[in-house]
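In what follows, a structure is listed as C-alpha cells, so that the remarks can point back to it.
The values are calculated or read from the model by the stated rules, or taken from the named source; none is laboratory data. Just so you know, these numbers come straight off a predicted model, no measurement behind them. Glycine gets a Cβ as well: all are built from the backbone with ideal geometry, and neighbour counts include every protein chain shown.
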Amino acid sequence: MAEPEQEPKAEAVALHNTAGRGPVLIVCEHASRRMPDRFGVLGLTPDQLKSHIAWDPGALPVARRLSAHFDAPLVAGGMSRLLFDCNRPPGAPDAIPTQSEGQAIPGNLALDDTGRAERVRDIHDPFRAALKKAMSGFATPPVVITVHSFTPVFLGVARQVQIGLIHDEDDRLARAMLTRAGQHTGRVVALNDPYDPQDGVTHTLRSFALPAGAVNIMLEIRNDLIGDAQAQSDMADMLAGWIAVACDDLGVSLDPGAAACAE
C-alpha cells in the first residue's frame, strides 16, 4: 500500500527583484506570518497568529517599495518568526521563542533537540543561504537595509518613538539619517530605540553587513503608522529620501553599478 503523500515543505524565504541593479540589498526577516500545516498552530488562537508576535505587520510592503525605489534585491522571510526567527542565530534562546510579549507559545515549549534541528535546517539555513547568495551578487558591498515594524504598546507601556534607526558597531548611516530626519519631519525618530544590539536584534547586520564593511541600518517602524497601502507607500518614500540624502552625505553612490561602500 502506497504511503500518503506528505505536504511539500513551505519555502522559508521569498526573493523579490532578484535582477535589481542598484547597489542596495533589502532584507525583511519577519515578513510573513505563514504557518505551514505540518507545524500546526503552536497552540495559539487565530488572533494571536495575526498579531505582531507572529510577524512584523506592514514591513514587507515597505520593504518592497524600497526595493523598487532603489532597484534593489529583496530577501524576505517566508514563515512566521514563531517557528524560527531568522534574525537570530540558532543557539539564541529566542530563536524559537517559548513566549513572546508575555504570551506563551505552547507548541514550542516541548520542542526536543530533533525538532529544533529540523527548524534550523528547514528555515534558518535556507534563509541564510539566500542572504549569502544575494551578498555575493554584488561586485562591491551593497548598502544593507533591514526592515522591521514594532507594536505601539509593549507589555502595557506605550512607545513614543515612531521610527527607530538601529545600528550595531557601524553607526554611519543611522547617524546620517537621523540628521536628515530631524530636518525634514515631525516624526519621533531615535537611534537604537525601541531596540538596541544588546537585545540581539542586529544578527543579520552582524553576520553579513559588518564583515563585508557594508554601510548598513536596521529600520524599525511603529506598525500603526503603516497600517494600509497608502501609509506604507508614504513611509517608504519618506525613508527612501532620507537614505538617499544620507548616503550622499557619506559619499556612497546609489547609482546602479556604483560602488556601495564609502571611501
If I filter the range 45-55 for residues that are at pLDDT 95 or above, in a loop (DSSP other than H, G, I, E, B), among the hydroxyl-bearing types (Ser, Thr, Tyr) and crowded, with 21+ Cβ neighbours inside 10 Å, do I get at least one hit? no
Looking at this structure, is residue 28 under 25 Å from residue 198 (Cβ atoms) and in contact with a Phe, Trp or Tyr (Cβ under 7 Å, 6 or more places away or on another chain)? no
Please go through the range 207-229 and pick out each residue that is in contact (Cβ under 8 Å) with a residue 60 or more places away in the chain and charged (D, E, K, R). 220, 222, 224
Look through the range 182-217, keep the residues that are part of a loop (DSSP other than H, G, I, E, B), of a type in the set (Val, Ile, Thr) and touching a helix residue (DSSP H, G or I) at 6+ places or on another chain (Cβ under 9 Å), and return whichever of them is modelled with the lowest pLDDT. 185
I'm checking my understanding of the structure. Among residues of the range 15-57 that are of a type in the set (Asp, Glu) and touching a residue at least 12 places away in the same chain (Cβ under 8 Å), which one is farthest from residue 130 (Cα to Cα)? 37
Reported set for the range 133-181 where residues are among the β-branched types (Val, Ile, Thr), part of a strand (DSSP E or B) and under 15 Å from the mean Cα position of the chain (by Cα) is 143, 144, 145, 146, 147, 163, 166
For the range 130-160, name all the residues that are within 17 Å of residue 196 (Cβ to Cβ), buried (at least 19 other Cβ atoms within 10 Å of the Cβ) and of a type in the set (A, V, I, L, M). none
Residue 68 vs (1) touching a residue at least 60 places away in the same chain (Cβ under 8 Å); (2) within 24 Å of residue 144 (Cα to Cα); (3) surrounded by fewer than 21 Cβ atoms within 10 Å (Cβ to Cβ): all pass except (1)
